[in-house]
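J.: Structure incoming, see below.
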Amino acid sequence: MSEDKTPETETEASGKQYVDGSKWRGLGEAASRIVVGLIGLAYVIGLLILNLHVRKYGIYYLNFLQIEYVMVGMLWACLVGSMYCLLIAIFGRARQIYKTRERKAIFENIVYLLLTLLVAYTCLVFVLNVLTEAETVRYSGYWKILGVLFLSAIGVFNVGSKVIELRTHLLSERAQRDKHSKFAQFFDIFYMTVLLVVILGIYSNSVFPKISATFGGGKPQKAQFLIKTDRMETVKTMGLELQGDTPRVGPLEVVFEASDFFLIIPPQGFTNDKIKAIRLNKDLIDAAFYLK
């Protein structure tokens with residue numbers, strides 16, 4: 001026969017369930033904070049990348065209600081994070097080769113390292129073919145992009161090391177008393193900020209313009225615009241030629257689409273060669289046709 005549960009046993013069981021519930025609730029709250037923090041970080045990074053990209057056309061875009069910022073920042077984080085993990089694997093294997101004295105083990109580590117590089121390169125090239133929407137599969141021509149991602153990963157490693165070092169230093173009692181230490185903290189924060197902006201600037205000029213906007217990049221897209229009939233003269237005054245008597249303009253290269261305007265590259269034969277980009281307000285057009 002089974003024994004009846006005593007009041008003490010029931011109390012212990014209910015207490016255990018309460019502790020387990022509190023534990024899972026705490027884990028859920030911690031996970032939600034991490035997710036919100038990552039999304040916020042991706043938002044800020046995307047905002048910086050996008051503005052560093054369009055600044056070369058003479059504009060800044062600070063519409064803070066753009067979900068595209070998160071997509072741009074997440075893409076950067078995924079690409080640089082993948083390169084960062086690859087570097088950790090390469091340096092770890094190289095360290096083993098350096099420490100190993102047996103020839104057989106050295107040979108095995110070198111073969112493993114070469115296979116890792118080959119597989120990683122193949123995967124990265126495949127991903128870049130997808131992100132750039134290449135018409136044909138290419139296995140070369142991505143060295144500049146890979147080089148920028150390599151330098152970005154090293155820079156992120158440097159920033160991460162500084163963050164850990166700064167956090168450890170801030171928690172020490174000496175840091176709270178030493179004025180020179182506070183100046184060093186300010187310098188470290190300034191250094192990390194400048195380095196991060198430089199990394200994002202290089203990415204925005206070298207990698208971002210080659211990746212399709214579908215995936216969070218800034219690759220120019222060809223488009224035709226159907227101009228409103230009562231705004232055709234305004235468009236002509238801007239220097240854009242209509243297709244005969246039709247209210248169509250284009251195809252033109254769109255480098256950026258905002259909520260209220262298109263930023264387009266001046267077409268060939270444009271009257272003023274000093275103009276870097278044209279802002280075409282959406283209230284001038286009835287429709288936009290993106291071309292293949």
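The values are calculated or read from the model by the stated rules, or taken from the named source; none is laboratory data. Predicted model only: the values in this text are computed from it and were never measured. Heads up, the Cβs are rebuilt from the backbone with ideal geometry, glycines too, and the neighbour counts pull from every protein chain shown. The accessibility values were calculated without ligands, DNA or RNA, using every heavy atom of the protein model including side chains. Shrake-Rupley method; radii C 1.70, N 1.55, O 1.52, S 1.80 Å.
J.: Hey, any hits in the range 189-200 for a residue that's assigned to a helix (DSSP H, G or I), among the hydroxyl-bearing types (Ser, Thr, Tyr), surrounded by 13 or more Cβ atoms within 10 Å (Cβ to Cβ) and modelled with pLDDT of 80 or more?
T.: No, that holds for no residue.
J.: Can we say Leu41 is part of a helix (DSSP H, G or I), within 17 Å of the chain's Cα centre (by Cα) and touching a residue at least 40 places away in the same chain (Cβ under 8 Å)?
T.: no
J.: Count, please, the residues in the range 241-287 that happen to be part of a strand (DSSP E or B) and open to solvent by less than 40 Å² (accessible area, probe 1.4 Å).
T.: Residues that pass the stated criteria total 15.
J.: For Leu113, which of the numbered conditions (1) over 26 Å from Phe208 (Cβ atoms); (2) outside any helix (DSSP H, G or I); (3) open to solvent by less than 70 Å² (accessible area, probe 1.4 Å) fails to hold?
T.: (2)
Residue-wise test of (1) over 20 Å from Val156 (Cβ atoms); (2) touching an Asp or Glu at 6+ places or on another chain (Cβ under 8 Å); (3) buried (at least 17 other Cβ atoms within 10 Å of the Cβ).
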| residue | (1), (2), (3) |
| --- | --- |
| Arg25 | yes, no, no |
| Ser32 | yes, no, no |
| Ile39 | no, no, no |
| Val44 | no, no, no |
| Tyr84 | no, no, yes |
| Ile106 | yes, no, no |
